[in-house]
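Peer 1: Here you go, one structure.
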Amino acid sequence: VAEFSAEIVGGIMSEHIADLQKLERDAFRRFYEDGIFDIYLGLMLLVFFAASALWEALENEMLSYVGMLGLALLVTVPLLAYRRRLLRERLGTFQPGPQRKLRISRTRWVLLGSVVLGLAVFGIAAIGVAGPGSVDWLAVVVPALWFINAVVVFGAMAYFLEVPRFYAYGLVAGLLMPLMIWPDAIWGIEIPAWLVFGSAGVTVIAYGLVKLRRFLRQYPAPTHG
């Protein structure tokens, strides 16, 4: 009887722990249902389009990078500030448990690796452009690295943060560079950057605005006084 009771208690405890983990996961997911990240991603896609336009207009690599960095900061800082205030007012603060903290930490390491890979790709591209007769292979390698980077990063975010739609974002973002470069490099068909990055960016922003509107209705701002 004692052994049987212990098994029952163990089963109840296991179900209780599973319920707590589900509650924590559901609570954490709410912080990614505001649509701000989606809007941010769409705006960053437009930043890439603007950077390509700057590249063609200025024909200066350094000024193009500076302009791209400036646009990225112009998008990132206000949105992060707004998102922090929005979530704090409507959802409060979230204190993750040990397993959740580990998942968040692993996500940050993946993002850091993405930045390092991105810098390496830009370095390879710069070396290739500087060297005569070595540009053709970049038209194949750079989009492939872009695709791998996007799929791995967004896939890791979807897995560790348990936000499934990030898988789709990784696939979409990863395909943009190959869609813009490979047709031109292989078949001589030029697809403009505004059509690739612009249309994708506007679509993601529209989806983010829908989620934001739904979030604001579901979690109204607290009334004071």
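The values are calculated or read from the model by the stated rules, or taken from the named source; none is laboratory data. Computed from a predicted structure; not experimentally measured. FYI the Cβ positions are ideal-geometry reconstructions off the backbone, even for glycines, and counts take in every protein chain you see. Areas reflect the complete protein model, heavy atoms only, side chains present, ligands, DNA and RNA absent. Shrake-Rupley method; radii C 1.70, N 1.55, O 1.52, S 1.80 Å.
Peer 1: May I ask you to list pairs of residues, at least six apart or on different chains, whose Cβ atoms are under 6 Å apart, with the first in segment 145-158 being more than 14 Å from residue 175 (Cα to Cα) and at pLDDT 90 or above and the second being not in a helix (DSSP H, G or I) and not acidic (Asp, Glu)?
Peer 2: Listed by first residue and then by second, the contacts come to 158/164.
Peer 1: Kindly list the number of the only condition in (1) open to solvent by less than 60 Å² (accessible area, probe 1.4 Å); (2) outside any loop (DSSP other than H, G, I, E, B) that fails for residue 179.
Peer 2: So residue 179 meets the others, but not (1).
Peer 1: Yes or no: segment 49-68 includes at least one residue that is touching a residue at least 60 places away in the same chain (Cβ under 8 Å) and open to solvent by less than 50 Å² (accessible area, probe 1.4 Å).
Peer 2: Looking through segment 49-68, at least one residue is touching a residue at least 60 places away in the same chain (Cβ under 8 Å) and open to solvent by less than 50 Å² (accessible area, probe 1.4 Å).
Peer 1: Further question: Kindly indicate whether residue 95 is over 18 Å from the mean Cα position of the chain (by Cα), more than 30 Å from residue 192 (Cβ to Cβ) and at pLDDT below 80.
Peer 2: Spelling it out, residue 95 is indeed over 18 Å from the mean Cα position of the chain (by Cα), more than 30 Å from residue 192 (Cβ to Cβ) and at pLDDT below 80.
Peer 1: Within segment 184-199, does at least one residue satisfy the condition of being open to solvent by less than 20 Å² (accessible area, probe 1.4 Å) and more than 17 Å from residue 147 (Cβ to Cβ)?
Peer 2: Looking through segment 184-199, at least one residue is open to solvent by less than 20 Å² (accessible area, probe 1.4 Å) and more than 17 Å from residue 147 (Cβ to Cβ).
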